[in-house]
Structure formats: C-alpha cells, structure tokens
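The values are calculated or read from the model by the stated rules, or taken from the named source; none is laboratory data. The model shown is predicted, which means the values in this text are computed figures rather than measured ones. Note that we place each Cβ from the backbone using ideal geometry, even for glycine, and neighbour counts take in every protein chain shown.
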Amino acid sequence: MRKEPRLKFTDQELAENTPVGAAARKAKKAAERADKADGKIPRRKKPKVALHFDDEVKRPQEVKTPREKARGRKKAQTENGPTNAATKPAAKKVRLTLRFEEQQKSPEKFSAHARDAPRNIVRELVQGQNEDDNVGVEAAQTAEKAEHRAETTFREIHRSAQMRPYRGAEKAERKLEKANLGYLQKKAQAAHPTSNPVSKWQQKRQIKRQYAAAKAGRGGKAAKNTVKSAEKAVKNTEKAAKFVSASKKPLLIVLAIVLLLMFFLNVVSSCSVIVEGVGSVLAGSTYPASDSALLNAEAAYTAKEEELQRYLDNYTGTHDYDEYHFDLDEISHDPYVLLSLLSAMNPGDWTASEISRMVEDLFDRQYILTELVETETRYRTETRTDYEYVYNPDTDSYEWRSYTHTVQVPYEYRICTVTLENRDLSHLPVEVLSGSKLNMYATYMATLGNRPELFPDSPYVDLYLNKTDQSFDIPADAIPSDRVAAMLREAQKYLGYPYVWGGSNPATSFDCSGYVCWVVNHSGWDIGRLSAQGICNVCTPISAANAQPGDLVFFKGTYDTPGVSHCGIYVGNNTMIHCGDPIKYANLNTNYWQSHFYCFGRLP
C-alpha cells in the first residue's frame, strides 16, 4: 500500500478563514486520520543482520633471533617483492549485529469461492426447489451443499473482519489523496483565478498529473515536490486558458461528449467487479437496517431495562409487605448481540416500530422476574386493661376494680421474595433462530455488522476488531499420537470464531462444549454432541503433572450451573485453546482459571 505524501502547512495557512485555509485544515486532519489508521495495522518484527569491521589488535608474536628475522625478510622479498611495514593494511575483525525492524503484516486475499459463495447458495436452493423427481434426496443434497457453502462463507467473512485495519488504512489514504488535491487546487485557483470552466478543468487535470508524478518520489522530498509540481501545473494551464477563450463553444461540446463517454465506460467496467467481489461478502455480513433504525431499537431495549431498574429500586416504597428479600441479577446486555439477533430474525431493511414486538419478546425471555409472597401467622404480646367485680372489706360492699394483663394476639406476617434472573441475551439465539438464521447471527457477530462505530464502548469491539493474531507452537515430540496431532490442527482452524451459545458447527459457530465435540469428532473419535459435564464423564481423570497435549481440561462455577460448566483442549505449557469469546488460547495459571479448575481428562 503506497502512502500519500504528508503536506506541510504554515500556521498562517491553517489560520486563514479562506477556501485555501479550510482545505489546508482538511488535508492536515486527513493526514492525522491516515496515520492513526496506519497504526492499527498489525506489525511483525523482522530480523536485520549488519556486518561491522573493527581493527583487530595484533597478538604478541613469538621471539625470533636476528638471523631468523633476516632469513624471513629475505624470503618474503624473494616471493612478493619489497614490502613497506607502514603501508601494510591492518587486520580487520568482523562483528555481527542483530536488530529487529517493525514491518506491516501482509493482508490476506479473498478467494473466488468466497466471492461467489452467497450467490451460489441461493442458486442451489432455487434449483433444488424447481426439481420434482426424488424430492427427499434432492432436498438433502441441497441442504448439505448449502451448509458447506455457509461454512466456507463464514470463514471468508471472518478473514474479512481480520482485514478491516488494512481496508481502513487504504480508505484513509484515499481520503488524504483527495484532501491533498483539494488543497493544491484551491491554492492554484487563489493564485490564478479563472471563471472559465474548461480552464478550471485543465488546471485540475494538470495538478492531478503532477501530483501523481511527484508522489512517486522517494524520501521526505515527496511533499515538497508535490507542491512545486502543482505550482508548475498552474503556469502550464495559463496557455491553455488563452486558447480556450478563443474557441470556447466548440471545445465545450467536444469535452462534454468525451466526459460522458468516459463516465459511461468507467461505470460499466467497474460495477461488475464491485458487485460480485466486495458486495457478495460484505453485504452478507452487514446489518441491513439503517443506523437510525439500529440505534432506535437499542434505545427501546435500554428504555425497558431502565423501567425495570426503576421498578426494583422503588419496590419497597410501592409495596406494603412486612419483610423483603431480593435476589437480583445485573440488568445489562450487549447492543451488538441485540442488533445481530434482530437482523437475523428480520432479513432485509426494517424500522424500530416494525420490530417492537420482537424487542418485547426478547426482553421477556432475557429477564425473568419472580415475586413470591408468603403469609405466616405470628403472635405479638399486647397489654390490655380489664375490670373485675370484687368485694371491698373497708366498705363492706362490692365494686368494680381495673387491672392489666398481657395476651398473645395472632396476625398475618407477609414476606416478599423478589428474584430477577438475567438469562443473558447471548443465550437466546439458539432458542429463537433456525439453522440458517443462526448462521447469519454468527456472521453478524463476527463482523459486528460492519458497524463498529455504533457502539465503540461495547466489549465486542475489542474482542473482534482490535485483537492481535494468536499463535502457539507445539513441539512435535510433545504430541503423543497422529490422532492428537489431527485434533490440534482441527482446533486451530477456528481461532477467532465468536461464542454462540448452543452452536456446534462452523456454520453457526460454537459454544465451549460444541467446539470441543466438533474438534474431537473430526479427529478420530466419536462422542456425539455432549455438554461440558457429559464430555467430562467419558474421559479418564488424570493429574495435572501427567497432562499432555490433546488432553481436555474442565472447569466449574464459570456460570450458574451444577457440575462442570466449561471445557477446553490442553496444548501444553499450561495453555489451552477454548471457545471463550472468541475462540482463543488461554493461560491456565491466571487467578480466574485456577479458582474454577476442576480436573484434566483423557479421551478413551
């Protein structure tokens, strides 16, 4: 990727409230954005070896007698002629220096199969529907082909997400080129103003040519050459302006015809490449709805969460119970999970009002609010005053006398227990989506719908867009068998795939147990589709000291479920590969994994 020159501007130019000043500020800002985009491209360290020659200090020689020295000089003169000790070159010592230079990683390329995959899926489905003979067999073959195409497309879209920094840098450089040309053209127009449209066009054309020629220069002189070449182009257009003024009308007619032909030919030649190449991949991974519809849907879901939070915060003030118990999960969701769900459920464009019922249904599925009121009969002690008719010997008569006493009085005591269960929005796709729509959900999550700017604070932006490539070298002598080697190769194919609860194949992506089952079943074993606890049950427990690459590792308590809750594949050196979010390597020595560690297991 060729970088555009960074033009230098004076403080006066940047401060000017003129078209030239505005163009200068725009070009400077475009250069800053291009540098920032370039910094996001992954780098690698490349070793460089340099040779240095140092004068070597002569080692002390053994002592010779005067006769031996004379004999040696005479022999040297006889063989090589007279020599001068003063002109004899000094001995050189070679020294190697190793240093590492940071270089950009080369971007991956799309295959033709990835480009045509979505179109081929649709064609095969249509062909399958139009054939009447042997419908059951044809449907099965069509479904199998569609699943294969979907898996391949998903892999290519995943690569597309990894190439986003390269596309961003190229886009920023194109914008910088446009801003640089805009500045040079504004400056030329200010220096040599003209109202003749053909003269203006000729002036811009000359500046573009000179800019392209100067951009090919090397080193730090490219920006200076660009400005000088643009100034030269301005002078060259003055002659053209004089000629055009003499024959304006005929030239304008010819120029209009030429421009229309060029525009038409350019559109025809480029449209097919754009539609078939970029469109087939990006369109299948981009949210179909507009930004306003996506933001409105997120705002509606957030409003329902805020309403639920207010209800719980004011619960004791709006209810009349004697005792309250609260067991509440956190109220939160990831906006990209919501938008990917809604986009997979509603193919094509949609508005927030059209999917309001779906938003309510997803909300009711995610948050389960339970209010349980228990009534007990309790007793409290009360002091009462009563009267009794007693005889008074002093008066020799009966009279009423008051007295106090305590009694146990029953009453109803009401205890309210409020429970809020957050089922996690990312666990719902497998419940509400079919196989093909679950594939679309996984695709949207892998690319964030190509809208990472909508919610930059979402944790998925860092997980899927700003992550660095992972690699882990496993020594060949540490792999116990060919079957384990096949398992590790299969496991590494899906690095970077998103976590999809309930997912069990590459077309829909995976959850932790689905990932392990897929890798194991495609490496020589056959354990079916099991939960993390089920996989643990078919393994033989082994100690951490005896664990080797290809063994499985199990954890408990990573979320609220009995027994084993998570699993991964051990690759050696206290490292596992597992379906976290996304699929990646993880160090087992961290506090989190140590606190949830359950056991190692070996497949039969």
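Remarks
- Annotation note: of 491, 485, 442, the sole residue that is at pLDDT 90 or above, on the phi < 0 side of the Ramachandran plot, touching a strand residue (DSSP E or B) at 6+ places or on another chain (Cβ under 7 Å) and of a type outside the set (Lys, Arg) is 491.
- Highlighted here would be helices (runs of 4 or more DSSP H) found entirely within region 282-353 that include at least 2 residues which are on the phi > 0 side of the Ramachandran plot, but there are none.
- Within region 397-442, the residues that satisfy the criterion of being within 31 Å of the chain's Cα centre (by Cα) and of a type in the set (Gly, Ala, Ser) are 426, 434, 435, 436, 442.
- Residue match in region 459-478 (condition: surrounded by 10 or more Cβ atoms within 10 Å (Cβ to Cβ), at pLDDT 85 or above and under 30 Å from residue 548 (Cβ atoms)): yes
- Lone unmet requirement of (1) without any contact (Cβ under 8 Å) to a residue 24 or more places away in the chain; (2) crowded, with 20+ Cβ neighbours inside 10 Å for residue 578: (1)
- Single residue of 426, 402, 434, 397 found to be closer than 30 Å to residue 363 by Cβ and either surrounded by fewer than 14 Cβ atoms within 10 Å (Cβ to Cβ) or assigned by TED's automatic domain parsing to the domain that holds residue 508 (or both): 434
- Among the candidates 159, 174, residue that is modelled with pLDDT under 80 and surrounded by fewer than 20 Cβ atoms within 10 Å (Cβ to Cβ): 159
- Candidates 583, 569, filtered to the one that is buried (at least 17 other Cβ atoms within 10 Å of the Cβ), modelled with pLDDT of 90 or more and β-branched (Val, Ile, Thr): 569
- Among residues of region 535-557, those that are under 32 Å from the mean Cα position of the chain (by Cα) and surrounded by fewer than 17 Cβ atoms within 10 Å (Cβ to Cβ), counted: 2
- If the condition is being in contact with a Phe, Trp or Tyr (Cβ under 7 Å, 6 or more places away or on another chain) and either of a type outside the set (A, V, I, L, M) or modelled with pLDDT under 90 (or both), then region 516-540 contributes 518, 536.
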